[in-house]
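Working notes for the structure below.
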Amino acid sequence: MELGVIGLGRMGQIVVDRTLEAGHDVVAFDLEPEAVATAADAGAEPADSVADLVDRLGDDKHIWLMVPAGGAVDATLEELEDHLDEDDVVVDGGNSYFEDSVRRAESTPAAYLDCGTSGGPAGAHLGFSLMVGGPEWAYDELTPVFDAVATGPDGHERMGPAGSGHYVKMVHNGVEYALMQTYGEGFELLHEGRYDLDLESVASVWNNGAVIRSWLLELCEEAFREEGTDLGDVADRIEGGSTGTWTVQEGLEQEVPLPLIYTALGERFGSRADDGRFSRRLANRLRYGFGRHEVPRRE
Ligand SMILES: NC(=O)C1=CN([C@@H]2O[C@H](COP(=O)(O)OP(=O)(O)OC[C@H]3O[C@@H](n4cnc5c(N)ncnc54)[C@H](O)[C@@H]3O)[C@@H](O)[C@H]2O)C=CC1
Ligand SMILES: O=C(CO)[C@H](O)[C@H](O)COP(=O)(O)O
């Protein structure tokens, strides 16, 4: 199969690498020439514009967008519009708002798959978990690519119609916020509490058979190992927040109470006003662990 990939940052380059490794062909474009050169080094055919990428793809084009959510997706779709027809398939693998995906599915001439992607750059070697919304025939057609980018055939699933993939990913991120918050609170109590504990050891022993073992807890262990049990100079400031905000808004709209996710979101906003909370400093460092997001450091 031949795949066009637009957006070759932390996540897009992994889509390129895994698709190539599975024996498919890739044509790659990014606004940054250096990113295109990296993809070309990995074996992709480089393109110097969206139009050039489309020209290099054959009939029945398959194109994966991995650009930042929002304006970049609309701008790319606008450039693609005149080159697409109903036999083509566009996948948006970014963290787009699900209602934007419904709108885009209606206005894009090609079949449109909204694909929630979880696993982050740190999970590249395992493959991602992919939550896909959109027409069934397009999902079936792209299955060889999903098999390659995901952990394998079990790592992707069609959730339902347009928007459902990004809807499920939005809720996933809300859960992610709450889990980070609760690990943060537990470790904050251990850090401030009665015993002089080595938190890397605590995380390690919990990761070996405990009820609360998880990948996020492994990333806690990594954070304590790399930053020290007091998290060194990791700042009390958590960036991000859009996907959690959408989750809370949807909870309000559906009248489904989400007190933990709301609190975790509130902690993020609160972290930007003052300095000193241990739980927020851990969440800050964990976002590097799974997403390779920049870690704001204390002065
Ligand atoms: N980093 C993470 O842990 C995860 C990120 N995502 C989502 O995946 C998407 C990409 O994220 P990252 O790779 O982390 O971002 P990134 O910032 O590392 O890469 C984005 C790339 O897109 C390129 N780009 C921007 N606008 C473009 C345009 N109009 N045309 C072509 N290229 C363009 C940039 O030059 C950059 O190379 C985002 O929607 C993000 O929310 C999803 C799951 C996990
Ligand atoms: O989707 C992700 C992980 O699953 C990305 O890392 C995302 O950036 C996390 O959300 P936020 O930026 O709001 O922390």
Item to complete: Quick one: work out the % antiparallel among DSSP beta bridges in the stretch 2-161, nearest 5.
Response: 20 percent
Worksheet item: What residue among TYR167, PHE146, PRO135 has its Cα farthest toward the positive end of the dipole of the stretch 124-223, where the charges are +1 on Lys, Arg and -1 on Asp, Glu, each on the Cβ?
Response: PRO135
Practice prompt. Write down the radius of gyration of the stretch 212-299 and its Dmax, each obtained from C-alpha positions, in Å.
Written response: 13.9, 42
Worksheet item: Where the only charges are on Cβ atoms (+1 Lys, Arg; -1 Asp, Glu), what is the dipole of the stretch 91-191 about its Cα centre, to the nearest 20 debye?
Response: 100 debye
Worksheet item: Expressed as a rounded percentage, what relative contact order does the stretch 207-291 have, with Cα pairs under 8 Å and six or more residues apart?
Response: 42 percent
Discussion item. Could you work out what % of the accessible surface of the chain is carbon and sulfur, using a 1.4 angstrom probe and leaving DNA, RNA and ligands out of the count?
Written reply: 49 percent
Practice prompt. Rounded to the nearest Å, what's the spacing between the alpha carbon centres of the stretch 164-193 and the stretch 228-299? Just the number, please.
Written response: 8 Å
Worksheet entry | Cβ crowding within 10 Å averaged over residues, with 206-217, 36-47 ranked highest first | 36-47, 206-217
Worksheet item: From largest to smallest, what semi-axes in whole angstrom does the chain give when each is the square root of 5 times an eigenvalue of its alpha carbon gyration tensor?
Response: 37, 21, 17
Worksheet item: Taking the chain as a Gaussian network, Cα atoms linked when under 10 Å apart, which of VAL202, VAL16, VAL91 shows the biggest mean-square fluctuation?
Response: VAL202
Discussion item. If you average the C-alpha positions of the stretch 77-112 and of the stretch 1-65 separately, how far apart do those two centres end up, in angstrom?
Written reply: 17 Å
Worksheet, complete the sentence: Restricting to Cα pairs under 8 Å and 6 or more apart, the percent relative contact order of the chain works out to 14 percent
Item to complete: Please tell me the relative contact order of the stretch 1-151 in percent, rounded to the nearest whole number, where contacts are Cα pairs under 8 Å and at least six residues apart.
Response: 21 percent
Fill in: Only Lys, Arg (+1) and Asp, Glu (-1) charged, at Cβ; the stretch 74-132 dipole about Cα centre in debye
520 debye
Discussion item. Please list, short to long, the whole-number percent of alpha-carbon pairs of the stretch 2-161 in consecutive 10 angstrom bins beginning at zero.
Written reply: 12, 46, 38, 4
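The values are calculated or read from the model by the stated rules, or taken from the named source; none is laboratory data. Everything numeric here is computed off the predicted structure, so don't read it as measured data. Cβ: placed from backbone, ideal geometry, glycine included. Neighbour counts: every protein chain shown. Accessible surface is based on the protein model in full, side chains and every heavy atom, while ligands, DNA and RNA are left aside. Shrake-Rupley method; radii C 1.70, N 1.55, O 1.52, S 1.80 Å.
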